[in-house]
Amino acid sequence: MGVSLSGWPPAPEKERYLARCFTSDIADLDINFDLPRPELVTSLLTICLQSSAGEIVNAQSIWHWTVSERLQGLLAIANASSGKTSTAIATCSNELCRGKVELELELASFATAPAIAKMDWLSPRGEKFWCRLPTGQDQRDWHQQMQHNADESWFITRLLDATPDTQLPAELPGDWIDSIGASLAVADPLTALTLALDCPFCEQALDVEVDLEWLLIDSLRSLQRRLIDQVHCLASYYHWSESDIVALPQWRREKYLARIVEGL
């Protein structure tokens with residue numbers, strides 16, 4: 001029997017990715033969630049994702065996907081693995097309230113067309129440059145540069161290209177960094193996602209910053225942890241191999257686990 005695949009986005013006519021359920025393959029236990037985030041995301045996309053034509057995507061090409069494309073791939077995997085919604089917890093910023101607000105996020109509401117990889121950008125002085133969206137490779141290089149105390153200008157500079165009529169300055173002016181950051185947020189709003197809501201306890205209006213990528217990663221981490229717990233329990237009781245247990249459909253594993261609990 002073949003592996004069940006789910007299309008993303010949910011509308012078939014716009015389908016760009018096919019994803020399988022994470023924790024449906026023994027290889028999923030090899031994913032190390034303690035890796036730096038760029039490496040972790042690339043690992044998840046490589047083992048769970050296919051193109052809409054059913055072609056396997058390789059890690060080398062995924063490194064060159066924009067952050068926006070990589071996030072859509074994670075959404076595809078989360079949708080195939082844990083369902084149509086994800087939950088986030090926000091804390092009210094009102095010091096007299098500090099209530100915990102549970103946000104139920106519909107994954108399909110974040111399905112978007114790929115953001116334009118390269119855009120025109122006008123400097124505060126009105127000069128035109130080209131600016132591209134960051135890729136997974138940019139994130140990986142930035143993570144390494146942070147070990148050497150690189151500042152934000154290092155990252156922004158590698159995204160900028162001069163036009164035939166302009167030349168990049170030797171040192172990036174400080175006001176350029178904020179301006180480029182704002183332009184990138186408009187071009188790719190999901191990477192720096194902010195949700196507006198009213199606190200149900202004190203009714204204060206809130207702007208909640210949601211790290212959607214981390215939220216999806218954390219949900220997949222929980223699925224792996226659950227699978228490891230199930231393997232441990234079933235292997236201890238029935239002495240089955242790890243691969244045999246993982247090969248069982250989730251509903252069958254739960255039936256055996258229920259019998260163990262009944263026996264105890």
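What to note about this one:
- Residue 70 vs. criteria closer than 17 Å to residue 193 by Cβ and of a type outside the set (S, T, N, Q): yes
- From the options 242, 203, residue that is open to solvent by 80 Å² or more (accessible area, probe 1.4 Å), in contact (Cβ under 8 Å) with a residue 24 or more places away in the chain and either within 30 Å of residue 155 (Cβ to Cβ) or of a type in the set (Asp, Glu) (or both): 242
- Among the candidates 253, 225, residue that is assigned to a helix (DSSP H, G or I) and open to solvent by 50 Å² or more (accessible area, probe 1.4 Å): 225
- Segment 113-136, subset among the hydrophobic types (A, V, I, L, M, F, W, C) and in contact with a Cys (Cβ under 8 Å, 6 or more places away or on another chain), residue most open to solvent (accessible area, probe 1.4 Å): 119
- Segment 91-112 - residue that is out of contact with any Leu (no Cβ under 9 Å at 6 or more places or on another chain) and touching a residue at least 12 places away in the same chain (Cβ under 8 Å) and, of those, most open to solvent (accessible area, probe 1.4 Å): 96
Listed here are the residues, each with its yes/no results for (1) open to solvent by less than 40 Å² (accessible area, probe 1.4 Å); (2) closer than 30 Å to residue 118 by Cα.
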{"site": "41", "(1), (2)": "yes, yes"}
{"site": "48", "(1), (2)": "yes, yes"}
{"site": "53", "(1), (2)": "no, yes"}
{"site": "60", "(1), (2)": "no, yes"}
{"site": "79", "(1), (2)": "yes, yes"}
{"site": "89", "(1), (2)": "no, no"}
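- Going through (1) under 18 Å from the mean Cα position of the chain (by Cα); (2) at pLDDT 95 or above; (3) not in a helix (DSSP H, G or I) one by one, residue 189 falls short only on (2).
- Single condition residue 213 does not satisfy, out of (1) within 30 Å of residue 32 (Cβ to Cβ); (2) open to solvent by 30 Å² or more (accessible area, probe 1.4 Å): (2)
- All helices (runs of 4 or more DSSP H) inside segment 40-146 with 3 or more residues being in contact with a helix residue (DSSP H, G or I) (Cβ under 9 Å, 6 or more places away or on another chain) and among the charged types (D, E, K, R): 136-146
Here is a yes/no grid of residues against (1) of a type in the set (Asp, Glu); (2) under 14 Å from residue 203 (Cα atoms); (3) modelled with pLDDT under 95:
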| residue | (1), (2), (3) |
| --- | --- |
| 77 | no, no, no |
| 84 | no, no, yes |
| 87 | no, no, yes |
| 96 | no, yes, yes |
| 100 | no, yes, yes |
| 103 | no, no, yes |
| 112 | no, no, yes |
| 119 | no, no, yes |
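- Output for segment 137-157, where each listed residue is under 24 Å from residue 192 (Cβ atoms), without any contact (Cβ under 8 Å) to a residue 24 or more places away in the chain and surrounded by fewer than 14 Cβ atoms within 10 Å (Cβ to Cβ): 144, 146, 147, 149, 150, 151
The values are calculated or read from the model by the stated rules, or taken from the named source; none is laboratory data. If you're wondering where the values come from, they're calculated on a predicted model, not measured in any experiment. Glycine gets a Cβ as well: all are built from the backbone with ideal geometry, and neighbour counts include every protein chain shown. To get the accessible areas, we keep the full protein, side chains included, count just its heavy atoms, and leave off ligands, DNA and RNA. Shrake-Rupley method; radii C 1.70, N 1.55, O 1.52, S 1.80 Å.
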